[in-house]
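Chemist: Here it is, the structure, as structure tokens.
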Amino acid sequence: MSQLLRNDIIALRALEPTDLDTLYRWENDSRLWYASDTVAPYSRAALWQYLENYTADIYAQRQLRLMIVRSDDDTPLGTIDYLNYDPLNNRAELGLFISSAYRGQGYGREALSLLTGYSRDHLGLRQLYVFIAQDNEVCLKLFESYGYRRVGIITSWIKRGTTYHDAVLLQMIL
């Protein structure tokens, strides 16, 4: 595996067919849907088709999802994604998910570190950005501690039930 995507604590790797059950569990946890714009459960068949057709070609797909795993035993910890990759302007939106069992242990920060190095040194990106619900203080603190700056508030951006919540736009210039 590329050393760009690995350190002593975690590795970022391509999705594998063996990730089906893990993704099925994570994607169908309705408590997380507000953060991912998911509106309905995914079937195993739909996730299998996604894995089967997964190319990891950020240039063709304009997105890339990587599994965050522990380096020593390949235990899945979460996912980190490039979304809305824009090669003209050398930027991409990020998505980060850490399974509840592994939150607060520094895995998110390690994933940001690896992906930032990969973004700058391999993809040549100029900037990364993320939208985070204004009431998600833990996630805001994580990104800000890593050097992301708040550059705006988007009002009524995230719908939860029948109410709308503001989102913070954070950006890192590489």
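Chemist: Restricting attention to the stretch 120-148, and to residues there that are farther than 16 Å from residue 166 by Cβ, charged (D, E, K, R) and assigned to a helix (DSSP H, G or I), which single residue is most open to solvent (accessible area, probe 1.4 Å)?
Modeler: Ranking the candidates gives 141 first.
Chemist: Please specify each residue of the stretch 21-30 satisfying the condition of being within 13 Å of residue 51 (Cβ to Cβ), open to solvent by less than 40 Å² (accessible area, probe 1.4 Å) and charged (D, E, K, R).
Modeler: 27
Chemist: Looking at (1) in a helix (DSSP H, G or I); (2) at pLDDT 90 or above, find the lone condition where residue 33 falls short.
Modeler: Unmet for residue 33, out of (1) in a helix (DSSP H, G or I); (2) at pLDDT 90 or above: (2).
Chemist: Follow-up. Taking the stretch 1-15 only, how many residues are of a type in the set (A, V, I, L, M, F, W, C), loosely packed, with under 14 Cβ neighbours inside 10 Å and at pLDDT 90 or above?
Modeler: 0
Chemist: Still on this model: For the condition under 23 Å from residue 11 (Cβ atoms) and part of a helix (DSSP H, G or I), what is the one hit in 47, 77?
Modeler: Every option except 47 fails the conditions.
Here is a yes/no grid of residues against (1) touching a residue at least 12 places away in the same chain (Cβ under 8 Å); (2) surrounded by 14 or more Cβ atoms within 10 Å (Cβ to Cβ):
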{"position": "152", "(1), (2)": "yes, no"}
{"position": "156", "(1), (2)": "no, no"}
{"position": "162", "(1), (2)": "no, no"}
{"position": "165", "(1), (2)": "yes, yes"}
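Chemist: Quick check on my filter: what residues within the stretch 131-157 are under 14 Å from residue 109 (Cα atoms) and in contact with an Asp or Glu (Cβ under 8 Å, 6 or more places away or on another chain)?
Modeler: none
Chemist: Can you name every residue in the stretch 80-119 that is part of a strand (DSSP E or B), surrounded by 15 or more Cβ atoms within 10 Å (Cβ to Cβ) and among the charged types (D, E, K, R)? Working first, answer last.
Modeler: Applying the first criterion (part of a strand (DSSP E or B)) to the stretch 80-119 yields 80-86, 91-98.
Among the residues that remain, those that are also surrounded by 15 or more Cβ atoms within 10 Å (Cβ to Cβ) are: 80-83, 85, 91-98.
Within the stretch 80-119, 81, 91, 93 qualify.
Chemist: Tell me the residue from 18, 55 that is open to solvent by 70 Å² or more (accessible area, probe 1.4 Å), modelled with pLDDT of 90 or more, over 30 Å from residue 135 (Cα atoms) and hydroxyl-bearing (Ser, Thr, Tyr), please.
Modeler: 18
The values are calculated or read from the model by the stated rules, or taken from the named source; none is laboratory data. Small disclaimer: the values here were computed from a predicted structure and weren't measured. Note that each Cβ is placed from the backbone with ideal geometry, even for glycine, and that neighbours are counted across all protein chains shown. Accessible surface areas use protein heavy atoms only, side chains included; no ligands, DNA or RNA. Shrake-Rupley method; radii C 1.70, N 1.55, O 1.52, S 1.80 Å.
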